[in-house]
Amino acid sequence: MLSRENLVNLVLAAALLAVPLAANALGQPFYVTLATRIAILALAATGLNLALGLGGLVSFGHAAFFGIGGYAAGILATHGFSGDPLIFGLPGTNQMWVIWIVAVVVAGLVGLAIGAISLRTSGVYFIMITLAFAQMVYYFAVSWPAYGGEDGLSILVRNQFPGVMTMRPLSFFLICYVILLIGIGLFALIRASRFGSALQAARQNEVRVATVGIEPYRIRLTGFVISAMMTGLAGALFADLNRFVSPSMLSWHMSGELIVLIILGGTGRLFGPLAGAALYVAFEYALGGLTERWQFFLGLILLVVVLFARGGLLGLLAGKARHG
Amino acid sequence: MTVALALEQLLNGLQLGVMLFLMAAGLTLIFGVMGLINLAHGSLYMVGAFACAATAAWTGSFWIGLVASLIAAAAAGAIVELVVIRRLYDRDHLDQVLATFALILMFSEGMRWLFGSFPLYLDIPPLLQGAVPLPGGTEYPVYRLAIIAAGTLVAFGLYLLISGTRLGMRIRAGESDREMIGALGVDIRTLYTVVFALGAALAGFAGAMVGAIQSVQVGMGEPVLILAFVVIVIGGIGSIKGALLGALLVGVTDTMGRFLLPKLMALFVPPAQAGMIGGAAASMLIYIVMAVILAVKPRGLFPAAHA
């Protein structure tokens, strides 16, 4: 028997696939790009949802991982194009899967460093420290001129994936869509695993978790690193979507947006990030068409959601989450 | 020559530190008394700067602008507290972050609506124009010295307010036990509004003072807000003393780092690279300092008793 939430999830996933297919058939590649944007943002927010939704770790610095993934794609592609060796005589590349691995590994390592220090604290300290570390990465990117500094870095030709014409919008969308589904599947597996139970238990009652012999710090650090990796992968895809990466991917507005996506969709819900990303991009597009002051109204809507509709879109559609 | 330059940079660092203290004091006060994390504090700084620039342009007087900035920021703070913030005291930090993030979007876009996208400029008042000679032959602008003096005076006034007046006593009581002072008959809702407006006025004052040496534009509060977060994290959230020391530490470290690190690097690598590496390292310096302090003392230098 399909639960109401799973039904809503299924409809969401099907809609995200159907809309770009239809748009492509009707010769409207713009909507394909919009759907790709939704898929990538949803993947980034699913990564954050591991830390925030399951672990209760309100990271206000996930833009750091998103941007690092983006810069991994941009820097590797630049070196692949120019032929200059990157480091230790290793060349760059235009192969997406190599870029993804590098993005995930680098985001994971930076996540390990940031997490190791930030997780010594909790609550409001954690929020501010993750924010500060992300700003550190941001200012580094702005002041380091080798890869464009403030101006950012263009990727001249979208990177390649064996057997796929990545420059076709629909093909690139399908790549992102499959990765998003894998990411959501991974989230579901982690949530149901022993590790996921420990992570959620550490959120609910730290003392009890410690009492049964599990060290909350290690569990949280592991969760934080996996979360950083997934967001980093999304960053690499985002850079390829725009064929451009700049410090704005690292800015704290980006971190805020990622949290907003989760809240709009529903915290800790499997498809919350996707619902939130779809809603956010739709708002951005619809409001942006109506008024150039759309950010004001976005703020207003967000404020109303936070104050009065705490379950987010999935809370509205599928009822309360079954476990908190 | 180099000594004079270093002295000048040190004064710049002090000036930045004093401004950061005005921001951080409000943030830490609001957190200490109400347990609220307010991202929109940078917006109140921006409101102060815009109010000062617009009023000064209209009346021709910086001083009237300064008064207007205090009134506008305090009023904006009080309104925001009454309409939005008071619904957030019982919520978790995540809701507070999101709601105040939403407020930033509204404030920034609203300011652009009112004043357009072009920056405003604010002239230094005639009384404070000019420069004073420093030992070593260079000169230092009077206005920056005035900022240091004004910030120090406000810090001292805040100390007197909190340690010596009835309002200060209530604020301190609110920090140590919220329910108890409510039970003792203090109107805690009004107290919260007053504290929030006070913090907003401090931010607005800082914005107005800095507005005369930078351009007044949308988004000007955000870099300052993040530095103020670093300050209160270093100092210990909720501690005014920590905010003062943290602000001076961050201000001086940041300014001196930008001045000295490229020179230091030049001893090891060619000048062109030294500027690049030194500049990048300097932009990260205060965050590294923060990380080191937190690795040793996770709750900051002067942890508040609760929180």
Those residues of the range A:149-165 which are touching a helix residue (DSSP H, G or I) at 6+ places or on another chain (Cβ under 7 Å) and part of a helix (DSSP H, G or I) amount to A:Gly149, A:Glu150
Given the conditions (1) closer than 30 Å to A:Ile129 by Cβ; (2) of a type in the set (Ser, Thr, Tyr); (3) within 11 Å of another protein chain (Cβ to nearest Cβ), every one holds for B:Ser117 apart from (1)
The condition of being surrounded by 18 or more Cβ atoms within 10 Å (Cβ to Cβ), among the aliphatic types (A, V, I, L, M), within 11 Å of chain A (Cβ to nearest Cβ) and closer than 22 Å to A:Ser255 by Cα holds, among B:Val233, B:Val224, only for B:Val233
Selection from the range A:170-199 of residues more than 20 Å from the chain's Cα centre (by Cα) and in contact (Cβ under 8 Å) with a residue 24 or more places away in the chain yields A:Leu170, A:Phe195
When A:Asp84 is run through (1) more than 23 Å from the chain's Cα centre (by Cα); (2) crowded, with 20+ Cβ neighbours inside 10 Å, the failure sits at (2)
B:Phe196 vs (1) in a helix (DSSP H, G or I); (2) over 13 Å from B:Met34 (Cβ atoms): all pass except (2)
Given the conditions (1) facing chain A (nearest Cβ under 9 Å); (2) within 30 Å of B:Phe118 (Cα to Cα), every one holds for B:Gly251 apart from (1)
Filtering the range B:82-130 for residues that are free of Cβ contacts under 8 Å to residues at least 40 places away in the same chain and under 20 Å from the mean Cα position of the chain (by Cα) leaves a count of 1
ask   = For A:Val245, are the conditions met, namely being at pLDDT below 95, of a type in the set (Val, Ile, Thr) and surrounded by fewer than 16 Cβ atoms within 10 Å (Cβ to Cβ)?
value = no
Of (1) surrounded by fewer than 24 Cβ atoms within 10 Å (Cβ to Cβ); (2) among the β-branched types (Val, Ile, Thr); (3) more than 14 Å from chain B (Cβ to nearest Cβ), A:Thr121 satisfies every one except (3)
Review point. Looking at B:Leu105, is it surrounded by 24 or more Cβ atoms within 10 Å (Cβ to Cβ), within 14 Å of chain A (Cβ to nearest Cβ) and more than 30 Å from B:Phe302 (Cα to Cα)?
Key: yes
Looking across the range B:266-307 at residues that are among the aliphatic types (A, V, I, L, M) and touching a residue at least 60 places away in the same chain (Cβ under 8 Å), the single one that is farthest from the other protein chains (Cβ to nearest Cβ) is B:Ala305
Every listed condition ((1) within 30 Å of B:Tyr192 (Cβ to Cβ); (2) touching a residue at least 24 places away in the same chain (Cβ under 8 Å); (3) part of a helix (DSSP H, G or I)) holds for B:Leu7 save (1)
Residues of the range B:209-221 being outside any loop (DSSP other than H, G, I, E, B) and either of a type outside the set (Gly, Ala, Ser) or surrounded by fewer than 24 Cβ atoms within 10 Å (Cβ to Cβ) (or both), in sequence order, are B:Met209, B:Val210, B:Val216
Listed by first then second residue, the pairs whose first member lies in the range B:137-161 and is more than 21 Å from B:Pro126 (Cα to Cα), whose partner is basic (Lys, Arg) and buried (at least 17 other Cβ atoms within 10 Å of the Cβ), with beta carbons under 9 Å and at least 6 positions apart or on separate chains, are none
Scan the range B:134-154 and give yes if some residue there is loosely packed, with under 15 Cβ neighbours inside 10 Å, within 14 Å of chain A (Cβ to nearest Cβ), closer than 21 Å to B:Gly65 by Cα and at pLDDT 85 or above, otherwise no. no
In the range A:252-275, residues that are within 12 Å of chain B (Cβ to nearest Cβ) and under 22 Å from A:Tyr31 (Cβ atoms) total 3
Residue hits (the range A:1-46; among the small types (Gly, Ala, Ser) and more than 24 Å from the chain's Cα centre (by Cα)) are A:Ser3, A:Ala22, A:Ala23, A:Ala25, A:Gly27
Reported set for the range A:33-61 where residues are within 13 Å of A:Ile226 (Cα to Cα), assigned to a helix (DSSP H, G or I) and small (Gly, Ala, Ser) is A:Ala44, A:Ala45, A:Gly47, A:Ala51
Practice prompt. Could you tell me whether any residue of the range B:92-101 is surrounded by fewer than 14 Cβ atoms within 10 Å (Cβ to Cβ) and within 13 Å of chain A (Cβ to nearest Cβ)?
Written response: yes
A:Thr121 vs (1) within 28 Å of B:Leu39 (Cα to Cα); (2) assigned to a helix (DSSP H, G or I); (3) over 17 Å from the mean Cα position of the chain (by Cα): all pass except (2)
Regarding the range B:44-61, can at least one residue be identified that is within 12 Å of chain A (Cβ to nearest Cβ), modelled with pLDDT of 90 or more and crowded, with 24+ Cβ neighbours inside 10 Å?
no
Only one of A:Ala116, A:Ala134, A:Ala146 is more than 7 Å from every other protein chain (Cβ to nearest Cβ), under 19 Å from A:Tyr71 (Cβ atoms) and either at pLDDT 90 or above or not in a helix (DSSP H, G or I) (or both), namely A:Ala134
Quick check on A:Ala64: is it more than 14 Å from every other protein chain (Cβ to nearest Cβ) and either buried (at least 21 other Cβ atoms within 10 Å of the Cβ) or not in a helix (DSSP H, G or I) (or both)? no
Expected single match for modelled with pLDDT under 90 and under 13 Å from the mean Cα position of the chain (by Cα) among B:Gly207, B:Gly221, B:Gly199 is B:Gly221
The condition of being touching a helix residue (DSSP H, G or I) at 6+ places or on another chain (Cβ under 9 Å) and surrounded by 15 or more Cβ atoms within 10 Å (Cβ to Cβ) holds, among B:Leu114, B:Leu158, only for B:Leu158
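The values are calculated or read from the model by the stated rules, or taken from the named source; none is laboratory data. Bear in mind that the values here come from a model prediction, so they are computed numbers and not experimental data. Positions of Cβ are generated from backbone atoms using ideal geometry, with glycine treated the same way; all protein chains shown enter the neighbour counts.
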